[in-house]
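Engineer: The following block contains the structure, expressed as structure tokens.
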Amino acid sequence: MTNLDRIKSPHDLRSMSIEQLDELSAEIRAFLVDNVTKTGGHLGPNLGVVELTLAVHRVFDSPRDPILWDTGHQTYVHKIVTGRASEFPTLRQDGGLSGYPSRAESVHDIIENSHASTALSYADGIAKAFELQGETERHVVAVIGDGALTGGMTWEAINNIASADNRSLVIVVNDNERSYSPTIGGLANKLAALRTTNAYEEFLGWGKQLLSKTPFIGRPMYETLHGMKKGIKDVVAPQGLFEDLGMKYIGPVDGHNIAELEFALVRARDFGGPVIVHAITQKGRGYAPAELDEADRFHAVGIVDPDTGKPITVAEPSWTSAFSDALVAVGQEDSSVVAITAAMLGPTGLEAFNEQFPDRTFDVGIAEQHAVTSATGMAHAGLNPVVAVYSTFLNRAFDQLLMDAALHQAGVTFVLDRAGITGDDGASHNGMWDMSLLTMVPGLELFVPRDGHQLRSALQAGISKNDGPVVLRFPKGPLPVQTPALAKIGKADILRQTAGTPDVTIVALGSMVTQVTEAADLLTARGVSVEVIDPVQALPIDVELVSHLTGRPLVVTVEDGLLDGGVGQSLMSVLHQISPSTRIVNLGIPKKFLRHAKRGTLLTESGLDAEGIADAVLSELHSQITH
Ligand SMILES: Cc1ncc(C[n+]2csc(CCOP(=O)(O)OP(=O)(O)O)c2C)c(N)n1
């Protein structure tokens with residue numbers, strides 16, 4: 001029986017010796033590599049937090065002491081420790097283990113939003129509640145990466161936490177110097193300064209000796225230590241980052257040394273107020289392909305060969321790579337074009353642009369709000385900014401898009417990758433809210449390209465517009481083949497037309513053209529005449545498209561976005577006024593948090609595959625006949 005086999009709950013860790021824990025750590029790493037290379041997932045971050053997770057679970061008593069994992073992609077070891085190891089072959093599969101914490105899976109899981117930089121605010125709230133309810137013996141732990149620490153919410157939270165002297169709240173900073181790529185900016189520089197302060201470590205060694213001889217460890221002792229530390233740091237280290245805000249700080253601690261981690265965590269736990277423990281870890285630790293990967297240390301992988309770490313399938317041209325090429329091309333022509341990413345240079349396709357134009361590429365950290373308003377400033381000063389984010393993370397910056405970019409008519413281009421249903425990462429990662437948010441923004445221009453050709457034109461349209469924001473959005477995955485237009489009406493493309501008035505006109509947005517074309521084939525085979533239109537520019541609703549649709553018997557809109565308040569409903573409200581006799585059906589994603597599953601499965605369940613669309617048309621035609 002291995003050490004790993006023995007772990008069914010955090011309590012099983014308590015009786016283990018440091019040697020056994022080191023063996024267990026090696027077993028967990030082998031287990032992670034074996035499983036995650038088969039399913040895909042966040043391999044690198046989890047290899048980096050093995051010892052940290054074991055130490056946290058030995059020192060704190062979860063779930064009585066809630067452990068909050070910021071972002072949540074680094075919770076595989078936590079899942080193993082809390083009795084879920086046997087479910088790893090199902091990781092991220094429909095009905096299987098979630099890639100993030102999941103309250104349905106375990107009482108040990110609390111935050112499942114997976115949008116970064118929220119854990120400290122949750123922790124603040126829970127600690128306040130414990131205090132009000134007299135549960136002063138309970139501790140709250142928040143584990144947060146140096147990347148997530150760059151998000152503004154963490155600093156809003158620290159501003160509150162620091163003043164709460166009596167709440168037992170321990171913030172473990174998991175500092176691996178990386179988000180996807182190296183974390184950059186003033187905060188990263190400060191952390192680096194803390195990391196490299198040897199005198200400070202020596203001092204901790206001294207403190208360790210002192211404290212280990214002291215039976216009672218608590219605030220008076222900590223204050224002594226803290227006072228001394230501060231004196232020393234003022235002399236040798238250019239820091240004070242946390243302490244200037246009133247936070248107690250312990251570190252830096254070797255995040256792969258369980259004894260050292262426990263020493264620091266016990267001190268922090270017993271202090272009786274908020275404390276930061278700064279742990280230094282290595283992303284991808286113990287797996288050579290990850291350790292050697294300069295790009296992102298295997299932050300997130302698909303299915304890969306465990307020996308080499310190389311993908312099993314050959315990469316096809318994707319939406320992301322098409323955007324990447326297109327941006328480099330416009331950047332070469334126009335030196336005012338600049339690119340902005342919120343800590344996702346590689347995933348959003350900005351790497352090639354960065355290689356050619358490093359001075360014109362800005363990684364702002366996990367700070368979508370700042371990215372948008374900073375881009376607005378750039379536009380004001382004459383640059384042509386392109387903000388590239390995943391669709392789901394634009395949610396964070398909606399107010400900035402509305403009140404900064406749009407109200408100020410700033411020529412900012414937004415490129416939303418992973419739009420629509422993404423699937424495997426679950427509810428928080430589906431880019432399904434963007435279009436409903438965007439329909440509310442006055443004057444906003446939205447393009448939903450159906451292929452690479454359309455994507456290039458949309459980007460060009462964004463770059464050319466200097467008096468208001470332009471958004472383009474596309475899904476995850478391979479780039480579809482080009483669908484040529486048969487004719488144009490205003491901005492829209494007619495992709496399929498009929499001799500007379502069609503039985504149904506299907507208005508398909510972007511990638512939905514693929515499913516709609518197949519649906520049109522199914523319907524044609526059933527004797528239904530079908531017209532297919534891609535509006536190309538989805539917002540504002542094009543008056544020429546509306547007048548073309550006027551008098552049509554049946555119009556069906558199809559979008560890979562939230563049905564409620566989406567583009568289809570916007571079109572319907574305009575068309576209905578002009579052409580009240582036209583029956584209009586909107587198809588889109590229902591208003592609910594979707595479980596994790598394959599994109600194809602979820603599209604089918606939402607009625608957005610070819611059969612679902614064809615069925616919706618047939619049942620509408622049928623109900624027209626029977627009425
Ligand atoms: C608001 C938001 N923006 C972007 C992301 C995408 N994202 C997921 S993990 C990650 C990097 C996190 O870095 P860090 O907190 O240091 O954790 P590590 O992966 O290094 O352990 C990013 C940018 C996100 N989850 N949330």
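Engineer: Output the residues belonging to region 143-175 that are small (Gly, Ala, Ser) and within 12 Å of the ligand (Cβ to nearest atom). Walk me through how you get there before you give the answer.
Structural biologist: Narrowing region 143-175 to residues small (Gly, Ala, Ser): 145, 147-148, 151-152, 157, 162-164, 168.
Scanning region 143-175 gives Gly145, Gly147, Ala148, Gly151, Gly152.
Engineer: Looking at this structure, is Ile217 modelled with pLDDT of 85 or more and more than 30 Å from Phe362 (Cβ to Cβ)?
Structural biologist: Numbers: modelled with pLDDT of 85 or more: no; more than 30 Å from Phe362 (Cβ to Cβ): yes.
Here the answer is no, as Ile217 does not meet what is asked.
Engineer: Within region 6-29, which residues are acidic (Asp, Glu) and under 21 Å from Leu43 (Cα atoms)? Break it down into steps so the answer makes sense when it comes.
Structural biologist: We begin by selecting, within region 6-29, every residue acidic (Asp, Glu); these are 12, 19, 22-23, 27.
Within region 6-29, Asp22, Glu23, Glu27 meet the criteria.
Engineer: Would you call Tyr122 under 16 Å from the mean Cα position of the chain (by Cα), among the aromatic types (Phe, Trp, Tyr) and within 16 Å of the ligand (Cβ to nearest atom)?
Structural biologist: Values: under 16 Å from the mean Cα position of the chain (by Cα): no; among the aromatic types (Phe, Trp, Tyr): yes; within 16 Å of the ligand (Cβ to nearest atom): yes.
No, not satisfied.
Engineer: Looking at region 241-278, which of the residues that are touching a His at 6+ places or on another chain (Cβ under 9 Å), assigned to a strand (DSSP E or B) and not charged (D, E, K, R) is nearest to Leu47 (Cα to Cα)?
Structural biologist: Val253
Engineer: Turning to a different aspect of this structure: Enumerate the strands (runs of 3 or more DSSP E) found wholly within region 487-543, keeping only those where 1 or more residues are among the polar types (S, T, N, Q) and under 23 Å from Gly420 (Cβ atoms).
Structural biologist: Strands (runs of 3 or more DSSP E) meeting the threshold: 504-508, 537-539.
Engineer: Considering only helices (runs of 4 or more DSSP H) fully contained in region 53-164, which possess at least 1 residues that are over 27 Å from Thr39 (Cα atoms) and of a type outside the set (S, T, N, Q)? First the steps, then the outcome.
Structural biologist: On the way: elements: 76-79, 119-132, 152-161.
Where helices (runs of 4 or more DSSP H) fall fully within region 53-164 and carry at least 1 residues being over 27 Å from Thr39 (Cα atoms) and of a type outside the set (S, T, N, Q), they are 119-132, 152-161.
Engineer: Same structure again: Quick one: which helices (runs of 4 or more DSSP H) sit completely within region 557-626 and have at least 2 residues that are out of contact with any strand residue (DSSP E or B) (no Cβ under 8 Å at 6 or more places or on another chain) and among the hydrophobic types (A, V, I, L, M, F, W, C)?
Structural biologist: 567-578, 610-626
Engineer: Which of the residues that make up region 282-319 are free of Cβ contacts under 8 Å to residues at least 12 places away in the same chain and within 15 Å of the ligand (Cβ to nearest atom)?
Structural biologist: Once the filter is applied, which keeps residues that are free of Cβ contacts under 8 Å to residues at least 12 places away in the same chain and within 15 Å of the ligand (Cβ to nearest atom), region 282-319 yields Glu291, Glu294.
Engineer: Tell me which of these Ala30 doesn't satisfy, since it passes every other one: (1) under 24 Å from Val301 (Cα atoms); (2) crowded, with 19+ Cβ neighbours inside 10 Å.
Structural biologist: All conditions are met except number (2).
Engineer: Still on this structure, I have one more. Under 6 Å by Cβ, and 6 or more places apart or on different chains, what pairs join a residue from region 525-544 that is at negative phi with one that is part of a loop (DSSP other than H, G, I, E, B) and crowded, with 24+ Cβ neighbours inside 10 Å?
Structural biologist: Taking only residues 6 or more apart or on different chains, the pairs are Asp534/Arg450; Ala538/Val448; Ala538/Leu509.
Engineer: Moving to a separate point now. Just give me the residues in region 340-360 being more than 16 Å from the ligand (Cβ to nearest atom) and of a type outside the set (Asp, Glu), in sequence order. Walk me through how you get there before you give the answer.
Structural biologist: Restricting attention to region 340-360, the residues satisfying the condition of being more than 16 Å from the ligand (Cβ to nearest atom) are 352-353, 355-360.
Those that are more than 16 Å from the ligand (Cβ to nearest atom) and of a type outside the set (Asp, Glu): Ala352, Phe353, Gln356, Phe357, Pro358, Arg360.
Engineer: Every residue in region 566-616 that is small (Gly, Ala, Ser) and under 23 Å from the mean Cα position of the chain (by Cα), please.
Structural biologist: Filtering region 566-616 for residues small (Gly, Ala, Ser) gives 566, 568, 570, 573, 579, 581, 588, 597, 600, 606-607, 610, 612, 614, 616.
Selection gives Gly566, Gly588, Ala597, Gly600, Ser606.
Engineer: Residues being in contact with a Ser or Thr (Cβ under 8 Å, 6 or more places away or on another chain) and either more than 12 Å from Asn176 (Cα to Cα) or away from the ligand (no atom under 12 Å from the Cβ) (or both): count how many of those fall in region 40-51.
Structural biologist: 3
Engineer: Residues being without any contact (Cβ under 8 Å) to a residue 60 or more places away in the chain and either buried (at least 21 other Cβ atoms within 10 Å of the Cβ) or polar (S, T, N, Q) (or both): count how many of those fall in region 459-470. I'd like the intermediate steps shown before the answer.
Structural biologist: Keep residues of region 459-470 that are without any contact (Cβ under 8 Å) to a residue 60 or more places away in the chain, which gives 464-465, 467, 470.
Now drop any that are not either buried (at least 21 other Cβ atoms within 10 Å of the Cβ) or polar (S, T, N, Q) (or both), which leaves 464, 470.
So the answer is 2.
Here is a yes/no grid of residues against (1) within 22 Å of Ser117 (Cβ to Cβ); (2) β-branched (Val, Ile, Thr):
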position	(1), (2)
Ala290	no, no
Glu294	no, no
Val304	no, yes
Ala326	no, no
Gln332	no, no
Leu345	yes, no
Ala352	no, no
Gln369	yes, no
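Engineer: For region 99-111, give me each residue that is away from the ligand (no atom under 14 Å from the Cβ) and crowded, with 20+ Cβ neighbours inside 10 Å.
Structural biologist: Of all residues in region 99-111, those away from the ligand (no atom under 14 Å from the Cβ) come to 102-110.
Answer for region 99-111, where residues must be away from the ligand (no atom under 14 Å from the Cβ) and crowded, with 20+ Cβ neighbours inside 10 Å: His108, Asp109, Ile110.
Engineer: Here are some conditions: (1) at positive phi; (2) more than 16 Å from the ligand (Cβ to nearest atom). Ser114 meets all but one. Which one does it not meet?
Structural biologist: Failing condition for Ser114: (2).
Engineer: Moving to a separate point now. Having 2 or more residues that are closer than 27 Å to Gly561 by Cα is the bar; report the strands (runs of 3 or more DSSP E) wholly within region 326-438 that clear it. Can you show your working first?
Structural biologist: Working: elements: 337-341, 361-363, 384-390, 413-417.
In region 326-438, 337-341, 384-390, 413-417 are the strands (runs of 3 or more DSSP E) which contain 2 or more residues that are closer than 27 Å to Gly561 by Cα.
The values are calculated or read from the model by the stated rules, or taken from the named source; none is laboratory data. Keep in mind that what you see is a predicted model, and the values were worked out from it rather than measured. Every residue, glycine among them, receives a Cβ derived from its backbone with ideal geometry; neighbour counts consider all protein chains shown.
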